[in-house]
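*Asks:* Got a structure here, written out as structure tokens. Questions coming.
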Amino acid sequence: MIPSAGRPVAALLVMSLALTLLVFAWAAWDNHRRVWDDAREQVVDVTHVLEEHAGKIFSIHATSLRYVERLVEDAGWKDIAGDSRFYDRLREIWQASPELESVWVVDPAGIIRVNTVQWPTPALDVSDREYFRAQLKPGAGIFIGQQLRGRISGAAFLPISQRMETRDGRFNGVAQLSLKPDYFIGFYRSLFSADPKTMMLVREDGALLLREPAPADGDLQQGFYPELLKTPEDATGTFILTSPIDGMQRLYARRKVPNLPLFVLYGITTESIAKDWEDRALVYAAVAVPASLALMLVAWIAIRRSRDLARADRILRHANTLLEARVADRTRHLDRALADREILLRDTHHRVKNNLQVVSSLLQLQASMNPALRPALGDALRRIHAMGILHEQLHRASDVDVVQLDRVITALAREIDNIHQGEGHVAGGPRRVTVVLDLAPLESDLTASVPVTLVLNEVLSNAFKHAYPDGRAGTLAVTLRREEAEGVLIVADDGVGMPDTSAVGAGRKSLGLLLIDAFTRQLRGRFLYEAAMPGTRFTLRFPLG
């Protein structure tokens, strides 16, 4: 039913539909992974917040308990129940913390002497309360109990207690704070909605202290669920567990509150995570299905016009063949032109080097005929020779447009060393001045390399001539490195130093220094002569071409 010219289009349609399904499947899988990664990241982050909140609250009230102990120690038990000043101090602690339900002071017999709920305080025996019994054992530390209901106020509270002792270590009663569960519940609800998320405070023995969502009827939250703390975590710090409280499977994260027997847990139902993934997958499906239908429509139209397309394709192939032939011919011409250019540049550098050698020979002949001109002509010869070394390196380089500054500097330093120390030097013996090179590989263009080479020639020559008079020995160090977009050239000697390094570049008018200044300006760089103690240090900074 499909014409032969349209069969490739039909095959393309089948492959496109298969590819669409594969892309949809991959997107659904990737989205599933992302949803779970986001959920894990969320439960870990929220658990950090809950752990910090619980740590601050309970740490503050641990300090309050120690303060109450000092108050009891100062007042004594004899008249504490009738001391209004003691009661006022407890009220100050209570009023300073909105999460406090009340403050209680219990004597060693388990009788409440003072509390902030009622004044004067009626005699009330709490020796049966867990928060009292837990402190009978020395070294019990801070105790956080499960929710209780007040025997005076009838309100639910979380007890936190601490053992009080006399100076000789005997049991001296219990200081107890009652925390409002509603304060914690209100804070947790401000962070997230109750469904499908849950948060819990659990003691290290598995006792449930607080849970959000809280029971709607206001019942006390109690019970022991050690499996919440024993289930191992994965590498992300999370774990999946069917809640022993309501039977719902959740993704949990937990953290221990530092220095307290307390854990915080935060969980999201796996059903809500799956629902989030399904909602996102429906968005992909809403795009994939219309796209597939549109693709089928386009393919149907394409099959009908396949013959025209095939004919147009043949015409296009013929035109493309002609164009490729012209491009290949043009490419051959360009390659030949580039090769001719490189040969011409190498020949130019070679000829320049040869011409500089001829000029050097003429100057040497002139110097031999006129001894009075030898110093000036010697300096000119060294400068010409420096340029010759640069053109020699360019002639040998694999890339005629790029100069390896470190190689040029190496060759120039050795040549200047030979010029100044070669005459009269015993073969194989140590040189009076040791040249040390520390050159990082550095590339530049010809525009920057010529001034750098000539500056180095002047600085090295000056160092050999002036830094080591009267046969003085020493070390001459040359350093090259890159600092961001700049090249840095440093020449440091340990010779006699300069008379006044601060005046260099301002008052002195020698030809060498004038050349250094001119070449530095040409580079758009900057140089500095400074005392090195001992010796002199020259630094040239220039932008890399």
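*Asks:* List every residue whose amide H lies under 5 Å from the amide H of Trp119, counting only residues 5 or more places away in sequence or on a different chain, with H placed 1.01 Å from N in the peptide plane.
*Replies:* Long-range HN contacts for Trp119: none found.
*Asks:* Sort segment 218-340 into rounded, prolate or oblate with this rule: let a ≥ b ≥ c be the square roots of the eigenvalues of the Cα gyration tensor; rounded if a/c is under 1.5, and if a/c is not under 1.5, prolate when a/b is larger than b/c, oblate otherwise.
*Replies:* In terms of gyration-tensor shape, oblate.
*Asks:* As an exercise, use a Förster radius of 41 Å and the Cβ-Cβ distance of Val49 and Ile301 to find the FRET efficiency, rounded to the nearest 0.05.
*Replies:* After rounding to 0.05, the efficiency reads 0.10.
*Asks:* Just the Cα atoms of segment 434-480: what Rg and Dmax do they give in Å?
*Replies:* That works out to 13.0, 40 Å for Rg and Dmax.
*Asks:* Compute the semi-axes of the equivalent ellipsoid of segment 119-231, taking the square root of 5 times each eigenvalue of the Cα gyration tensor, and list them largest first in whole Å.
*Replies:* Each semi-axis is √(5λ); the values are 29, 18, 12 Å.
*Asks:* Sticking with this one: For a test of the definition: using alpha carbon positions, the gyration tensor, and the 1.5 limit on a/c, classify segment 60-161 as rounded, prolate or oblate.
*Replies:* Cα axes put segment 60-161 in the rounded bin.
*Asks:* A further question follows. Work out the FRET efficiency for Arg407 and Thr242 from their Cβ-Cβ distance, taking R0 = 51 Å, and round it to the nearest 0.05.
*Replies:* Calculated transfer efficiency: 0.10.
*Asks:* Phe132: net charge of surrounding residues, Cβ under 14 Å, Lys/Arg +1, Asp/Glu -1, itself excluded?
*Replies:* Surrounding charge for Phe132 is +2.
*Asks:* Follow-up. For the pairs Lys180/Lys256; Lys56/Lys230; Lys56/Lys78; Lys137/Lys197; Lys197/Lys256, note any where the Cα-Cα span goes beyond 30 Å.
*Replies:* With Cα atoms farther than 30 Å apart: Lys56/Lys78; Lys137/Lys197.
*Asks:* Quote to one decimal, in nm, the extra length available between Asn370 and Leu323 on full extension: 0.36 nm per residue of separation minus the C-alpha distance between them.
*Replies:* Gain in length upon complete extension: 10.0 nm.
*Asks:* Note down the nm distance, to one decimal, between modelled labels 7 Å out along Cα→Cβ at Leu511 and at Leu437.
*Replies:* 2.7
*Asks:* For a test of the definition: using alpha carbon positions, the gyration tensor, and the 1.5 limit on a/c, classify segment 14-79 as rounded, prolate or oblate.
*Replies:* prolate
*Asks:* Within segment 232-265, find all residues whose amide N lies under 11 Å from a label point positioned 7 Å from the Cα of Ser59 along Cα-to-beta-carbon.
*Replies:* Backbone N within reach: 258-260.
*Asks:* Describe numerically, in nm with one decimal, the distance between label points set 7 Å from Cα along Cα→Cβ at His333 and at Ala518.
*Replies:* About 4.4 nm, to one decimal.
Here, each number is a calculation from the coordinates, and none is a lab measurement. As the structure is a prediction and not an experimental result, all values here were calculated from the model. Note: ideal-geometry Cβ built from the backbone for every residue, glycine included; neighbour counts use all protein chains shown.
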